[in-house]
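Colleague: First, the structure itself, so that you have it in front of you.
The values are calculated or read from the model by the stated rules, or taken from the named source; none is laboratory data. Just so we're clear, the structure is a prediction, and the values are computed from it rather than from any experiment. For neighbour counting, all protein chains shown are included, and Cβ atoms are generated from backbone atoms with ideal geometry for every residue, glycine included. All accessible areas refer to the heavy atoms of the entire protein, side chains included, with ligands and DNA or RNA removed. Shrake-Rupley method; radii C 1.70, N 1.55, O 1.52, S 1.80 Å.
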Amino acid sequence: MNPSAAMKDGSQLRQKEMIAEHYSRLAHSPHTGEKSVYTFVPGNLTELVRSFDLLPVLPEINALQSAMRGKSKDYIAIAEKLGHSEDVCTYVKCDVGMKRSGNLGPTGEHLPDPDLLLLSYTGCFTFMKWFELLKEEYKAPVAMLHVPYQAEGRITTAARDYVVRQLKESVIPKLEQVSGRKYDEDKLKEMLARSSRAEDDLVHVLESAKHRPSPIDAYFGGVYYIGPIFTAFRGTEEAVGYYRALRSEVDERIAMGKGPVTPDGEMERERFRLVVEGPPNWTSFRQFWKMFADEGAVVVASTYTKVGGVYDNGFRHDPERPLETLAEYCLGCYTNLNLPTRVDMLCRYVEEYGADGLLVNSIKSCNSFSAGQLMMLREVERRTGRPAGFVESDLVDPRYFSAANIKNRLESYFQMIEQKRAGGAA
Amino acid sequence: MKAYVGIDLGSTTTKAVVLDDAGATLGRGITNSRSNYALACEVALGEALIAARFGLLDRELAAAGMPEAERSRRLAALGLRFRGRQYLAQLEVFRRIAARIVAHDLLARGVAPVVDGMLDRMAGEARTLFAEGASRKSDFFRDLAGSRFLQLAEEVSRDGAAAFDRLVGVFDKAILEVENTPSGAEDFGTHARAASADLEDAPDALRRAVEAVASVPLQVASSVGTGYGRQTLPFPKEQIRSEILCHGLGAHAMFPGTRTVLDIGGQDTKAIQVDDRGIVTSFQMNDRCAAGCGRYLGYIADEMNLGLHELGPMACNSSRPVRINSTCTVFAGAELRERLSLGEKREDILAGLHRAIILRAMSLLARSGGVANEFTFTGGVAKNPAAVDALRGLIRENYGEVAMNISPDSIYTGALGAALFAWRDARRGEEAAA
Ligand code: SF4
């Protein structure tokens with residue numbers, strides 16, 4: 001990820017190095033002979049992929065990184081020229097445009113073509129279309145993992161067995177084929193044990209926001225915190241080290257009673273505590289964040305930081321049941337949860353984190369996230385009795401970020417909270 | 001006496017409302033927003049303070065035992081003379097500025113006496129312009145003086161006294177400066193005394209009331225700003241409130257039973273839910289696109305070469321509204337031309353267009369929580385009868401019979417809300433101090 005100037009904590013520098021190293025390793029892979037697997041963040045199978053010594057590439061991360069570096073606009077324009085309509089998910093268009101512009105990754109280095117497209121299908125139908133396009137672009141083989149939606153609000157044995165069977169019968173054989181190695185369960189178990197350690201530390205960090213003032217921003221800051229664990233690093237020593245360090249940094253902040261670091265430095269006074277639903281906007285990430293920080297608004301919990309997987313409900317990767325645990329992980333990621341479960345989760349956040357209310361950032365081009373959001377908003381409002389707010393933007397298409405409009409709505413929302421607090425006196 | 005002020009700095013007009021110690025409205029003022037926001041506020045506030053003094057005059061006369069009908073007749077007459085005096089004062093400001101402009105422009109020097117002559121005539125006409133029953137298209141100085149100046153310029157140029165273009169040039173330059181020069185309009189005492197002297201039959205009670213009110217110091221105890229340009233107001237942050245909150249509270253003050261407010265302005269549309277104290281509980285507003293806002297109707301009016309205020313009445317003549325689904329502002333013109341070329345009638349197309357923007361508003365209303373109870377419609381579009389009809393029909397269709405309020409003063413809703421916030425803030429400050 002791309003830490004802002006203000007975020008020069010040790011963990012941030014470390015993360016930056018990890019990522020740079022990974023991209024450079026990818027760039028050199030044609031010479032080193034290392035092979036790459038393109039896959040998705042929600043329900044990713046990083047440990048499994050890396051147990052075959054394959055390198056994961058995450059097109060979603062490339063897209064958001066491109067947006068943060070101001071490149072997505074041109075990439076999207078290229079994709080639209082190729083015939084993709086305005087309504088297509090902008091991650092997809094950004095990715096397609098990047099490929100057509102020479103496939104230079106966010107650090108400016110060349111990205112290798114995929115040796116395998118690992119399509120972990122969780123909750124979003126666009127995933128299938130996206131990799132169908134990439135399959136054509138790269139003429140690469142696809143391994144499909146179909147993850148059933150949690151329609152009943154829990155992971156059924158049948159669903160888990162179904163995912164495990166696919167892992168055994170189709171995903172693992174494909175990985176063996178591409179890597180030229182045999183499936184090594186002991187190696188996988190070691191990785192899963194490391195995942196679980198990192199996950200403990202991550203949950204500790206995320207839950208630190210229950211303190212007042214919260215030492216972290218669990219949305220804008222949170223996307224940095226989830227970077228390593230949801231991308232290429234889960235199950236590695238580096239990730240374990242990163243989360244250990246992050247945890248002690250955050251503990252230090254708590255001990256000193258400090259608020260979160262924002263683009264303008266440390267937040268002096270926490271005025272509003274919010275739960276946020278929906279992904280952030282990446283093209284104006286800092287500007288968007290500043291709109292919160294300027295008003296003293298801290299995000300104490302967010303659902304976006306659970307897209308890769310939900311850990312704060314107790315889930316940890318379990319090295320003793322390697323394939324089952326991977327299946328449960330995929331089934332449990334946020335986008336794969338049904339709406340009542342998401343509402344429960346949001347209400348729980350509002351209560352447990354002592355939030356003033358729920359704010360939804362509705363993403364113009366992401367149907368997967370947007371469907372049902374207003375229903376969720378109303379329901380959370382009704383159940384918690386705390387006011388909800390609603391803003392609209394996009395992931396990586398700068399045309400859909402209207403700063404004045406968003407600022408207006410945010411300010412109104414903050415004032416609404418204030419007014420409600422004062423019981424009508426303000 | 002203490003006054004509490006709310007200012008709503010909109011994209012086209014700036015409104016001010018002044019409240020008294022009891023939180024009751026004393027006066028309102030409005031002006032066009034021009035490019036200088038700070039000045040627009042000053043002018044609107046000046047107007048509102050004058051209106052507030054007229055409010056005090058009314059109280060004064062009531063206390064002196066003058067019956068209500070007479071009070072309102074006398075104050076209306078005084079008001080007209082007062083406006084006439086203000087107009088004359090502004091004409092003098094204009095004369096000064098125009099003289100300077102002409103003196104600096106070698107080529108225009110010759111027109112100085114011509115301009116002077118024109119202004120003399122305009123000053124001479126002020127009495128008739130502000131006579132009882134005289135009609136004025138607008139009360140803004142720019143519009144009033146502008147239209148007459150241009151007529152006279154045509155006249156004198158026909159006689160060969162000066163070139164029309166040159167005179168227009170002088171006007172355009174001067175009026176900008178005039179608008180940026182505070183007119184002293186708030187100088188209540190001077191104008192009010194002169195105005196009452198202008199009235200032949202002014203009773204002593206009126207003269208005494210004018211004196212009494214002119215000497216009351218009106219002290220602005222606290223103010224709150226809102227509106228499109230609120231960030232540019234020279235107020236500290238705590239004194240700036242969102243339009244959404246102000247509209248909610250303002251509508252509640254006008255109609256205490258209101259639970260839902262729809263505001264369709266030039267730039268945006270908002271659907272607001274308030275509780276029984278006027279506190280906003282939820283809201284939705286249009287996204288970055290202007291579809292479904294007043295601006296859309298503005299484009300249509302331009303496209304049809306009509307004034308904005310003519311659209312609604314024309315649409316009301318429709319017998320068979322055309323079904324239009326798109327409210328894209330950019331394509332509005334194309335859509336219109338296509339329909340016309342298909343032989344559809346103007347009024348039927350217009351009725352369809354009005355319905356289309358109201359449909360957008362219906363979606364925002366639904367998303368904000370629907371309409372369950374008394375409902376208030378505000379914003380510039382609430383003055384448009386075709387939009388009101390379409391809204392009434394769609395509300396009934398979707399939510400059944402609910403009371404729908406439209407205040408003749410709805411343009412002041414935001415400013416009223418802001419003033420109430422100012423009043424409440426001051427109250428709280430006092431309570432905290434006590
Ligand atoms: S639609 Fe949303 S969830 Fe699906 S790929 Fe695009 S951004 Fe991701």
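Colleague: For the pairs A:K420/B:K15; B:K15/B:K173; A:K73/A:K168; A:K135/A:K364; A:K16/A:K73, flag any whose C-alpha to C-alpha distance is greater than 31 Å.
Modeller: A:K73/A:K168
Colleague: Pull out the extension gain between A:Y162 and A:E237, defined as 0.36 nm times the separation in residues minus the alpha carbon to alpha carbon distance; nm, one decimal.
Modeller: 23.9 nm
Colleague: Here's another thing I want to ask about it. For B:R158 paired with A:D184, estimate the spin-label separation in nm (one decimal), with each label point 7 Å from Cα along the Cα-to-Cβ line.
Modeller: Those two pseudo-labels are separated by 10.1 nm.
Colleague: Let me ask another. Computing the accessible area with a 1.4 Å probe over protein heavy atoms, can you report the carbon and sulfur percentage for the protein assembly as shown?
Modeller: Solvent-exposed carbon and sulfur of the protein assembly as shown make up 51 percent of the total.
Colleague: Shifting gears a bit: Hey, if you put +1 on the Cβ of every Lys and Arg and -1 on every Asp and Glu Cβ in chain A, which of A:C366, A:F233, A:V163 ends up farthest toward the positive end of that dipole?
Modeller: A:C366
Colleague: Once fully extended, how much extra length lies between B:A123 and B:D409, figured as 0.36 nm per residue of separation less the alpha-carbon to alpha-carbon distance?
Modeller: 99.8 nm
Colleague: Could you tell me the calculated FRET efficiency between B:S341 and A:S85, based on Cβ-Cβ distance and R0 = 35 angstrom, to the nearest 0.05?
Modeller: 0.80
Colleague: While we're on this one: Taking the simple approach of a point 7 Å from Cα along Cα-to-Cβ for both A:H110 and A:S370, what is their distance in nm?
Modeller: Here the answer is 3.8 nm between the modelled labels.
Colleague: Taking the solvent-accessible surface of protein heavy atoms with a 1.4 Å probe, what is the per residue accessible area of the protein assembly as shown in Å²?
Modeller: Solvent-accessible surface per residue comes out at 40 Å².
Colleague: Next question, about the same structure. Can you check what the net charge comes to around B:A98, using other residues whose Cβ is under 15 Å from the Cβ of B:A98 (Lys, Arg +1; Asp, Glu -1)?
Modeller: Within the 15 Å Cβ shell, the charges total +2.
Colleague: Charges at C-beta only: +1 for Lys and Arg, -1 for Asp and Glu. How large is the resulting dipole of region B:1-46 about its Cα centre, in Debye rounded to 20?
Modeller: Approximately 120 debye in magnitude.
Colleague: Report, in whole Å, the centroid distance computed from the Cα atoms of region A:110-158 and region B:107-132.
Modeller: A separation of 79 Å, based on Cα centres.
Colleague: Trypsin sites (Lys or Arg not before Pro), restricted to region A:119-157: which are DSSP loop and have at most 16 other Cβ atoms within 10 Å?
Modeller: A:K139, A:R154
Colleague: Total accessible area buried between chains B and A, 1.4 Å probe, in Å² to the nearest 100?
Modeller: Using a 1.4 Å probe, the pair buries roughly 2300 Å².
Colleague: What residue among A:L274, A:L118, A:L58 shows peak mean-square fluctuation when chain A is described by a Gaussian network model with Cα springs under 10 Å?
Modeller: Among A:L274, A:L118, A:L58, the largest GNM mean-square fluctuation belongs to A:L58.
Colleague: Report the GluC sites (Glu not before Pro) located in region A:281-349 that are in a DSSP loop and have at most 10 other Cβ atoms inside 10 Å of their Cβ, or state none.
Modeller: A:E320
Colleague: Oh, and also: Select from region A:405-424 all residues whose loss of accessible area on going from the chain by itself to the full protein assembly reaches 40 Å² or more (probe 1.4 Å).
Modeller: The answer is A:N405, A:N408, A:R409, A:E411, A:S412, A:Q415, A:M416, A:Q419, A:G424.
Colleague: Now a separate question. Please check which bits of region B:243-279 a label hung off B:V220 would reach, taking the label as a point 7 Å along Cα-to-C-beta and the cut-off as backbone N under 19 Å.
Modeller: Flagged as within label range: B:243, B:246.
Colleague: If one computes the Cα centroid of region A:58-73 and of region A:218-259, what distance in Å separates the two points?
Modeller: Computed from Cα coordinates, the inter-centre distance equals 22 Å.
Colleague: At most 14 other Cβ atoms within 10 Å plus a DSSP loop assignment makes a site exposed; report the longest stretch of chain A without any exposed chymotrypsin sites (Phe, Trp or Tyr not before Pro).
Modeller: That gives A:150-426 as the longest site-free run.
Colleague: Restricting to DSSP loop positions (anything but H, G, I, E, B) with no more than 15 other Cβ atoms inside 10 Å of their own Cβ, which GluC sites (Glu not before Pro) remain in region A:355-407?
Modeller: Details: sites: A:E379, A:E381, A:E392; in loops: none.
Passing sites in region A:355-407 do not exist.
Colleague: Which stretch or stretches of region B:298-312 have amide N atoms under 13 Å from the point lying 7 Å from B:L150's Cα along the Cα→Cβ direction?
Modeller: Inside the label zone: nothing.
Colleague: For a quick check of understanding: with a 1.4 angstrom probe and all protein chains in place, what accessible area in square angstrom does A:M144 have, to the nearest ten?
Modeller: 60 Å²
Colleague: Need one number: nm distance between label points at B:Q267 and A:R348, each 7 Å from Cα along Cα→Cβ, rounded to one decimal.
Modeller: About 4.2 nm, to one decimal.
Colleague: Taking the Cβ-Cβ separation of A:H31 and A:E266 as r and a Förster radius of 35 Å, what is the calculated FRET efficiency to the nearest 0.05?
Modeller: Values: r = 44 Å, r/R0 = 1.26.
In this case the efficiency is close to 0.20.
Colleague: Given a Förster distance of 41 angstrom, what is the FRET efficiency for B:R208 paired with B:T181, based on the Cβ-Cβ distance and rounded to 0.05? List each step's numbers first, then the result.
Modeller: On the way: r = 33 Å, r/R0 = 0.81.
After rounding, the FRET efficiency stands at 0.80.
Colleague: OK, next. Taking the Cα centre of chain A as the origin, how large is its charge dipole in debye, to the nearest 20, when only Lys and Arg (+1) and Asp and Glu (-1) carry charge on their Cβ atoms? Could you put the intermediate results ahead of the total?
Modeller: Numbers: 54 positive and 59 negative charges, 109 e Å.
That gives a dipole near 520 debye.
Colleague: Follow-up question, since we're still on this one. In region B:46-80, whose amide N lies under 17 Å from the spot 7 Å out along Cα-to-Cβ of B:E200? List them in ranges.
Modeller: B:74, B:77-78
Colleague: Full extension from A:A255 to A:K290: what is 0.36 nm times the residue separation minus their Cα-Cα distance, to one decimal in nm?
Modeller: Between A:A255 and A:K290, full extension yields 10.1 nm more.
Colleague: If DNA, RNA and ligands are ignored and the probe is 1.4 Å, what is the ranking of A:C366, A:C94 by accessible area, most exposed first?
Modeller: Result of the area sort, largest leading: A:C366, A:C94.
Colleague: What does the net charge come to around A:G257 if you take all other residues with beta carbon closer than 13 Å to its beta carbon, with K and R at +1 and D and E at -1?
Modeller: -1
Colleague: I'd like the distance separating the alpha-carbon centroids of region A:347-385 and region B:70-88, in whole Å.
Modeller: Computed from Cα coordinates, the inter-centre distance equals 56 Å.
Colleague: Could you name the aspartates and glutamates whose alpha carbon sits less than 12 Å from that of B:K270, not counting residues in the same chain fewer than 8 places away?
Modeller: B:E243, B:D287
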